[in-house]
Number of protein chains: 4
Amino acid sequence: MAGNSFGQIFKITTFGESHGEAIGVIIDGCPSNIEIDLDFIQNELDKRKPGQSKITTQRKESDTFQILSGIFEGKTTGTPIAIIIPNEDQKSKDYDHNKDTFRPSHADYTYQVKYGIRDHRGGGRSSARETAARVAAGAIAKLFLKQKGIDVLAHVSSVGNLDSPEIDFTSAEEFVTLRENNIVRCADAKTAEQMIELIDGIRKEGDTIGGKITCYIKNCPVGLGEPVFDKLHADLGKAMLSINAVHGFDYGSGFDGSTMRGSQHNDAFQSSESGKISTKTNFSGGVQGGISNGMDINMRIAFKPVATIMSNQNTVNKSGEAAEIKGKGRHDPCVVPRAVAIVEAMAALVIVDHYLRNQLYK
Amino acid sequence: MAGNSFGQIFKITTFGESHGEAIGVIIDGCPSNIEIDLDFIQNELDKRKPGQSKITTQRKESDTFQILSGIFEGKTTGTPIAIIIPNEDQKSKDYDHNKDTFRPSHADYTYQVKYGIRDHRGGGRSSARETAARVAAGAIAKLFLKQKGIDVLAHVSSVGNLDSPEIDFTSAEEFVTLRENNIVRCADAKTAEQMIELIDGIRKEGDTIGGKITCYIKNCPVGLGEPVFDKLHADLGKAMLSINAVHGFDYGSGFDGSTMRGSQHNDAFQSSESGKISTKTNFSGGVQGGISNGMDINMRIAFKPVATIMSNQNTVNKSGEAAEIKGKGRHDPCVVPRAVAIVEAMAALVIVDHYLRNQLYK
Amino acid sequence: MAGNSFGQIFKITTFGESHGEAIGVIIDGCPSNIEIDLDFIQNELDKRKPGQSKITTQRKESDTFQILSGIFEGKTTGTPIAIIIPNEDQKSKDYDHNKDTFRPSHADYTYQVKYGIRDHRGGGRSSARETAARVAAGAIAKLFLKQKGIDVLAHVSSVGNLDSPEIDFTSAEEFVTLRENNIVRCADAKTAEQMIELIDGIRKEGDTIGGKITCYIKNCPVGLGEPVFDKLHADLGKAMLSINAVHGFDYGSGFDGSTMRGSQHNDAFQSSESGKISTKTNFSGGVQGGISNGMDINMRIAFKPVATIMSNQNTVNKSGEAAEIKGKGRHDPCVVPRAVAIVEAMAALVIVDHYLRNQLYK
Amino acid sequence: MAGNSFGQIFKITTFGESHGEAIGVIIDGCPSNIEIDLDFIQNELDKRKPGQSKITTQRKESDTFQILSGIFEGKTTGTPIAIIIPNEDQKSKDYDHNKDTFRPSHADYTYQVKYGIRDHRGGGRSSARETAARVAAGAIAKLFLKQKGIDVLAHVSSVGNLDSPEIDFTSAEEFVTLRENNIVRCADAKTAEQMIELIDGIRKEGDTIGGKITCYIKNCPVGLGEPVFDKLHADLGKAMLSINAVHGFDYGSGFDGSTMRGSQHNDAFQSSESGKISTKTNFSGGVQGGISNGMDINMRIAFKPVATIMSNQNTVNKSGEAAEIKGKGRHDPCVVPRAVAIVEAMAALVIVDHYLRNQLYK
């Protein structure tokens, strides 16, 4: 009810503030007997952690996790899995400037009004640091999906006005290799180079820039998603829109589909010799009537530019008086390279949840 | 869990198939002592009902509702409000063609696989007829919001490649008058004329076309929305993506925001002489950190073209054999004029729900 | 959230007031392809309906139900099942006396304070008439359980100080035959006779009396119930305590178990030649650690005497002034004979819900 | 869904196994600006901790808690409160005997079947150690209730066949003083002495015994509880039945009420000179129609004897073969003295949750 939980069956609850003792997550509803690969989880966290390259914030956190419960002899037991990630690099003093003053396009003002109190240090609960907990939970969701042969794959498809071409790939491994070949996490090497140059320039100016991530679900079985309100793409949309800085979501033909005609857009069914049903085109984006149809699911997620910039900005303070504020601390010039891990985590959480729900009503 | 409910506090559950006895909705959690204006509810339903103009389906349903419970002497009592809308114009035979054959880009195939059974008549549960129940519930949500002075306003902002300019309006009444002046429900008269011509031509070809709706929330108090997962815009996004045929959602700077720089995008705070805090620009779209900041909320919703077209299409049948199907029945050439009422209903439901939630934790 | 829903997976929401248009229930989450026997549902409703014998209220309602959705060609489709039961015998004038005056030990006062408004006619939403909707939903739950071979069986085990001996029975059919042989629904014929005499005498005095119902679940598989908070017996307890007039619940050794020693109370495990594990005694009542262990589940539910009596009582009115009130209308001298159907319905709903939940986490 | 959460608005999720790293709880939905008294929380935990007297288990755990999030400068911020309690005295080897063998009347067998895996050490997740997390959360609930002047008070009212007389007390402080005067936590000094003697004798025999706890809510406002399924007493019942070893719950007239007549049982309303409405008697136990009526709420909770006894017992092993098991480790001869803190915690959690819910619908 207070907004810190996600999922119905495979349910996560995250907790923790940017500069508190620790952040963490409880996963309640993970099936038993899933093998837990600790290195895999750490690897996922490392993709999101700060300080990993010159185009991310230089803040340092090892983001080392501890599992407190739910695992016995390397396997899940069906009981809640509690994971904590202690906070390390807490330069709280860096944030004295926003104790009484509201940073533009941050959540300082809205939290203050909503709760009448806020932990201002590093944005407190509104900090994107919270998403590390999602990545940890998402890693466990991915371990579940691996068993089922389902792949969740995302990469940076745009930075500013630089757009990647469609990626041609034949396996999940190939896609990940292409993407991890560069620090911006775009699977097209040439675009990646341009993106890095763009971000690096913007960083030097003390400015920031937005971007887009494209995410695919491959080998998703038919039947995931519930009719009416909990359509698969609606839950994916909510998941993505809940990530800090996301301002838009579309799937399949998306916004472009609104300019098309039915005669172009309809995906004709066909069946292979083995009897497998598929569609000739995939404007539906792998989802029809809110339920997966076995084709690849694809979606795009738009991120606004990071709000913390290194220049003077006009604002007001808690008393409503005019004030000036300047970005301090260590921040990202562009959030999308680190957000790839978050997008994959959220997609994995949605797919696992609907995978389990789909066992129920037949 | 089965996907037929929406909302946490002001919770609706819809039921009913296109060609069953009735469709309807239960609203559980409506505060007591709200005055219920029956004419207002019918008027909302009339905006969505079929057969209202030459550019909508010619199917006829009066969509007359009955309230079975929850109202006493014209006011809500705090107990569940049950509303039913009997189905009238059920030409079930029109649908014999899709009993065993899957219509392209409809939900026939996915429902069949998911449940192993389906009511094929008119799409059964997957029919957009279900949205009439949402509109009835949304009307009651709007009556609640009216008491609080909050306006929910939507119009058709695009059909195909025809885009409306931004609408300049000073009151909700003015906006609604502009919009209801034409049958396509675009508040810009000149664009509306072009849209009607476009849709009418497409209708004559037996084809369909997509479009976009823009929705505003005006006079929304500060503080609505919950941190982390239940961000206000994430719940709005899910609400909109749950509407039949929606393929995309963005808010504030939206997809365009992903191409901007932080120095352009940040919304500087300012305070009026009376001490009211606002922002100079509104790229945040009225929501910061997932919580409303008192500025106008705005969002755009993209609809794909209607899947039922009046020409032969290739598909497969239940046995996986190749088949041909032709659209029969009476269908909409473009769904957005009727969907304005649905978008407003879903937005109203989200705002009421978060309005009530915001009373809880302070 | 407003208290009108029950269950997590097989979720029901009831609606309706005693003297409104209709009462009813939505079942959301019923698996598809369950055959629906309409006569069976009516038969369950008939066991609860008023006017069925001299020891129940003489109010007449046929309690005929209509199914509005969710069934296609005699089977469930996985979509919401909406059932309504129109109200017929609405002598609302009978209730003018409690418009402004609070009936002792009824919900008039608490509803008035909670909501600031109430439908006083026949108790409105607080009337036990609401339980007819539960019985209809419970009938569908029973049809599901029948497929699985699970029996839910209840009878009247006490009226006042008259207690039935333990019932010896070998089949569900035998138990139901014994119980339905008499109008008080006690499976022991001799006790039944005494109970009927007792109730009839109390009825003539214009008074009422309490009683107890014992309920068994037979052939319940091992594994139903979730650890910690949603223990099977905890959900059964909540289900029973939610029935009007219930003041107590225990299971297995129950209240008597609190006087026993561990050495007496522990249920030793044993295994049959075929390898089936059971326990020698069953003080655990079929549930260990909140999870069914395959033994018979048993529980007892205590009902207070009906609050409406045919004599003058002191009370206060809405203004807090002293007033006198006299029971009018047509009421039950003892609620347990009609409540057997409600207890079975609630037990069936809990078992189905946990049956479905138990498919999830392994 | 997996059973580890409780509450709708003030929602707790507990995690952790008896012999894992730590147990703990997330409280999601605690209102902001509640002052947190750390000593008070520790004091509540100390009442439940093992090793506190000769009649409890001699196992030693300091049960020292850490708060990881949700508190800023001594006050709640409205964000999730994470509390962990590290496990200290983990003599896991003590539990080798139940790795493959099922302890009678424990959850070993049911967990093994349900999940296909279990952490056998000390009962793992099924251990009553989990309740320490509830007590920590309950302490914060109590701090909230204190601000509202609501008292939650429990004591041991029976051990075996020894029953305490009704306690006469005029203030919460007096009650707590009477209760904490003795190690069995019965507020009647004379009965307490007999109870201690009884338990001590049973302990020496290596046996265990059951008991009962009575709990009161004083100064509860009118209006708490939701109609139909979430009646206040139904949620209290579920809360209590979810505590390890509880086999029965009743409130108000309870099981005895089932033997009474309506003319005895009805609680006549009266109003004081100041206009305050109350009832002359309180057979309703402070709840009418599921909603609090402002009178004292009272309830009784029955605990079975602890299953671990110090003698040989017959059982079976994982292969279904006959086996013998002997209680080892350090266990409680009677659970009720330590369970008083758990009962109060659960009652406080229910009351806070319904207090917050009651703000919603009017």
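Data overview
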quantity: Pick from segment B:161-185, criterion under 18 Å from B:Ala302 (Cβ atoms) and crowded, with 20+ Cβ neighbours inside 10 Å, ranking: nearest to the other protein chains (Cβ to nearest Cβ); calculated: B:Leu162
quantity: Selected residue (criterion: farthest from the other protein chains (Cβ to nearest Cβ)) from residues of segment D:300-324 that are part of a strand (DSSP E or B) and in contact with a helix residue (DSSP H, G or I) (Cβ under 6 Å, 6 or more places away or on another chain); calculated: D:Ile301
quantity: Conditions (1) buried (at least 20 other Cβ atoms within 10 Å of the Cβ); (2) more than 9 Å from every other protein chain (Cβ to nearest Cβ); number of the one not met by C:Ala82; calculated: (2)
quantity: The listed residue being of a type in the set (Ser, Thr, Tyr) and more than 30 Å from B:Phe102 (Cα to Cα), out of A:Ser258, A:Ser242, A:Ser272, A:Ser263; calculated: A:Ser242
quantity: Residues (part of a strand (DSSP E or B) and in contact (Cβ under 8 Å) with a residue 24 or more places away in the chain) located in segment A:68-101; calculated: A:Ile71, A:Lys75, A:Thr76, A:Ile81, A:Ala82, A:Ile83, A:Ile84, A:Ile85, A:Pro86, A:Thr101
quantity: Among the residues listed as B:Ala307, B:Ala302, B:Ala322, the single one being over 28 Å from A:Ala234 (Cα atoms) and of a type in the set (A, V, I, L, M, F, W, C); calculated: B:Ala322
quantity: Single residue of segment C:103-131 satisfying the filter (among the polar types (S, T, N, Q) and out of contact with any strand residue (DSSP E or B) (no Cβ under 7 Å at 6 or more places or on another chain)) that is surrounded by the most Cβ atoms within 10 Å (Cβ to Cβ); calculated: C:Ser126
quantity: Extreme residue, nearest to the other protein chains (Cβ to nearest Cβ), among residues of segment C:231-260 that are assigned to a strand (DSSP E or B) and within 30 Å of D:Val113 (Cα to Cα); calculated: C:Asp250
quantity: Contacts under 7 angstrom Cβ, first residue in segment A:220-242 being free of Cβ contacts under 8 Å to residues at least 12 places away in the same chain, partner assigned to a helix (DSSP H, G or I) and not acidic (Asp, Glu), 6 or more apart; calculated: A:Lys238/B:Ala234; A:Lys238/B:Gly237; A:Lys238/B:Lys238; A:Leu241/B:His233; A:Leu241/B:Ala234; A:Leu241/B:Gly237
quantity: Test: residue in segment B:89-102 that is within 20 Å of the chain's Cα centre (by Cα) and buried (at least 24 other Cβ atoms within 10 Å of the Cβ); calculated: no
quantity: Residue check for A:Asp207: more than 30 Å from A:Ile83 (Cβ to Cβ) and touching a helix residue (DSSP H, G or I) at 6+ places or on another chain (Cβ under 7 Å); calculated: yes
quantity: Scan of segment A:333-362 for residues that are facing chain B (nearest Cβ under 10 Å) and not in a helix (DSSP H, G or I), ordered by number; calculated: A:Pro333, A:Cys334, A:Asn358, A:Leu360, A:Tyr361, A:Lys362
quantity: Counted residues, segment B:262-291 - those being assigned to a strand (DSSP E or B), of a type in the set (Ser, Thr, Tyr) and more than 7 Å from chain A (Cβ to nearest Cβ); calculated: 2
quantity: From B:Gly262, B:Gly286, B:Gly252, B:Gly257, residue being touching a residue at least 12 places away in the same chain (Cβ under 8 Å), of a type outside the set (D, E, K, R), touching an Asp or Glu at 6+ places or on another chain (Cβ under 7 Å) and surrounded by 24 or more Cβ atoms within 10 Å (Cβ to Cβ); calculated: B:Gly286
quantity: Failed item in (1) under 27 Å from A:Leu232 (Cα atoms); (2) without any contact (Cβ under 8 Å) to a residue 24 or more places away in the chain, with B:Gln42 passing the rest; calculated: (1)
quantity: Any hit, segment B:54-66, residues being surrounded by 18 or more Cβ atoms within 10 Å (Cβ to Cβ) and within 24 Å of C:Gly124 (Cα to Cα); calculated: yes
quantity: Test: residue in segment C:323-331 that is under 22 Å from C:Ile196 (Cα atoms) and either buried (at least 24 other Cβ atoms within 10 Å of the Cβ) or of a type outside the set (Gly, Ala, Ser) (or both); calculated: yes
quantity: Boolean, B:Val228 is surrounded by fewer than 24 Cβ atoms within 10 Å (Cβ to Cβ) and either more than 7 Å from chain A (Cβ to nearest Cβ) or in contact with a strand residue (DSSP E or B) (Cβ under 9 Å, 6 or more places away or on another chain) (or both); calculated: no
quantity: Of all residues in segment D:6-26 being surrounded by fewer than 24 Cβ atoms within 10 Å (Cβ to Cβ) and outside any loop (DSSP other than H, G, I, E, B), the one that is nearest to the chain's Cα centre (by Cα); calculated: D:Lys11
quantity: Count - residues of segment A:5-42 that are charged (D, E, K, R) and more than 7 Å from every other protein chain (Cβ to nearest Cβ); calculated: 3
quantity: Residue count, segment D:132-152 (criterion: surrounded by 23 or more Cβ atoms within 10 Å (Cβ to Cβ) and over 23 Å from D:Ala82 (Cα atoms)); calculated: 1
quantity: Residue list for segment B:54-69, restricted to those being modelled with pLDDT of 90 or more and among the aliphatic types (A, V, I, L, M); calculated: B:Ile67, B:Leu68
quantity: Close pairs (7 angstrom Cβ cut-off, 6 or more residues apart or separate chains): on the phi > 0 side of the Ramachandran plot in segment A:303-314, β-branched (Val, Ile, Thr) anywhere; calculated: none
quantity: Single residue of D:Gly116, D:Gly70 found to be more than 14 Å from chain C (Cβ to nearest Cβ), more than 23 Å from D:Arg48 (Cα to Cα) and either under 24 Å from the mean Cα position of the chain (by Cα) or not polar (S, T, N, Q) (or both); calculated: D:Gly70
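The values are calculated or read from the model by the stated rules, or taken from the named source; none is laboratory data. All of these numbers come straight from a predicted model, not from anything done at the bench. No Cβ is skipped: glycine too gets one built from the backbone with ideal geometry, and neighbour counts run over all protein chains shown.
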